[in-house]
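The values are calculated or read from the model by the stated rules, or taken from the named source; none is laboratory data. All values reported here derive from a predicted model rather than from experimental measurement. Ideal geometry is used to build each Cβ from the backbone, glycine not excepted, and the neighbour counts take in all protein chains shown. The accessibility values were calculated without ligands, DNA or RNA, using every heavy atom of the protein model including side chains. Shrake-Rupley method; radii C 1.70, N 1.55, O 1.52, S 1.80 Å.
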Amino acid sequence: MTGAGRPEVPRELRPQLSALRDLAVDLAIGAGELVRAGRREAVSDRVGTKSSVTDVVTIMDRASEDYLRRRLDAERPGDAVLGEEAGIERSAAAQPQVNPITWVVDPIDGTVNYLYGRPEYAVSVAAVLGDPTRPGAWRPVAGAVANPETGQVYHAYDGGGAFLRDHQRTGDASGDRRLACTTVTELSLALLATGFGYAAEVRREQALALVDILPAVRDIRRGGSAALDLCTVASGVVDAYAERGVHVWDVAAGWLIATESGAHVATWDSGPERPVGIVAAAPSILPGLRDLVQDAYLRARRDPPRG
Ligand code: LIP
C-alpha cells in the first residue's frame, strides 16, 4: 500500500506483526461469538438509530465494542482505539511516539443484515499505523474480519499474505487457506461488489452513478458489509469492490486482506464535502474501475435532484 503521507512500517515493528494479527483474530472471534449469542436480545430490545432512520445500532454493537476495548486495554494498554460507536480513545498509557499502533474496530459491520438475521455481517479488527482519522494518513499492518454466522475468519499482516480460516467447511482447525484475488483483465467481465449509504439523497446519487457503472461491468453484488466485500475480493468471490462513503472502521482490516491477496486498493475523491470512495480490484482493472467510478459520481452530482 503506497500513497503520499501513508507511514512506512518501522523495521523494529515487523517481528511483531504476526502476533498483532493473531490478537486481531482472537478479538474478532471473541466479539463475534458475543454478538451471535446476543442477537435475539439485541433485535427484541429497543433498536436505536444514528445518521438516519435506517442507520441502526443495537445493544450488541455497543457490547461488542466494549468487549474489544476491554481486551485491548488489558493486552495492549499503550495503544489507541478508534471504534464506530465510541470514536477515538487514547488511554493515559498511550504514547504515540512509543506505541504507534491504533486499533480500528467495527463491532458489527453489516448491522442491517444482523438485524434481519441475514448471515452477512462481521466483526472487523485492524492494527494501523499513522492517524486513522485523516484520510490517506494511515496504513493497516495487521487485521482480521470474522463472520460469526459462517465461522469464516479472514486475516492478514503486512507482507505475510492473506488467509481464510474456515472451520465449518474444514471441520477442524486444519489450517488456513491462502487467498488470491482474481486475474480478470477486462472491466466488462468484472463482477463488482458495492454498497449504498443510509441517507436517501446519498442513495439517490449512488443509484444515478450506477446508471454508468452497471453497463460497464459484468454485474454487481450488494452484500451489506464493506469488510466482507473487501474479503470477497481477496478470496476471488468477486473481482472488485467500489463504494462511496464508507468509514475507516468498515474497511481498515479488509483493505489489508485485499492487498495481501494481490489486489490493489485505492481511494477517489467524490468532490468537496463528500466522503472519499474506495475501490479494490485485480491490479489490471483497478485504474479503469477507479476512473469509471469517479467519473460516474461526478456526473451523478451534476444531475439535479428531482421532485
Ligand atoms: C455498512 C457498510 C456497507 C454499507 C452499509 C453500511 P455498518 O456498515 O459496511 O458497506 O454499504 O450501508 O454502512 O453500518 O453496517 O457498520
**Asked** Do we have any residue at all in the stretch 129-136 that's more than 16 Å from the ligand (Cβ to nearest atom), in contact (Cβ under 8 Å) with a residue 40 or more places away in the chain and assigned to a strand (DSSP E or B)?
**Response** yes
**Request:** Name the one entry in 209, 200 that is surrounded by fewer than 16 Cβ atoms within 10 Å (Cβ to Cβ), more than 15 Å from the chain's Cα centre (by Cα) and under 27 Å from residue 49 (Cα atoms).
**Result:** 200
**Request:** Please go through the stretch 227-252 and pick out each residue that is open to solvent by less than 10 Å² (accessible area, probe 1.4 Å) and among the small types (Gly, Ala, Ser).
**Result:** 227, 234, 240, 242, 252
**Prompt:** Within the stretch 153-176, is there a residue that is in contact with a strand residue (DSSP E or B) (Cβ under 7 Å, 6 or more places away or on another chain), touching a residue at least 12 places away in the same chain (Cβ under 8 Å), within 16 Å of the ligand (Cβ to nearest atom) and assigned to a strand (DSSP E or B)?
**Reply:** yes
**Complete:** Every listed condition ((1) within 16 Å of residue 136 (Cβ to Cβ); (2) in contact with a Leu (Cβ under 7 Å, 6 or more places away or on another chain)) holds for residue 221 save (1)
**Asked** Under 6 Å by Cβ, and 6 or more places apart or on different chains, what pairs join a residue from the stretch 33-47 that is in contact (Cβ under 8 Å) with a residue 40 or more places away in the chain with one that is assigned to a helix (DSSP H, G or I)?
**Response** 35/60; 35/64; 42/59; 42/60; 43/115
**Prompt:** Regarding residue 128, is this residue of a type in the set (A, V, I, L, M, F, W, C) and open to solvent by 10 Å² or more (accessible area, probe 1.4 Å)?
**Reply:** no
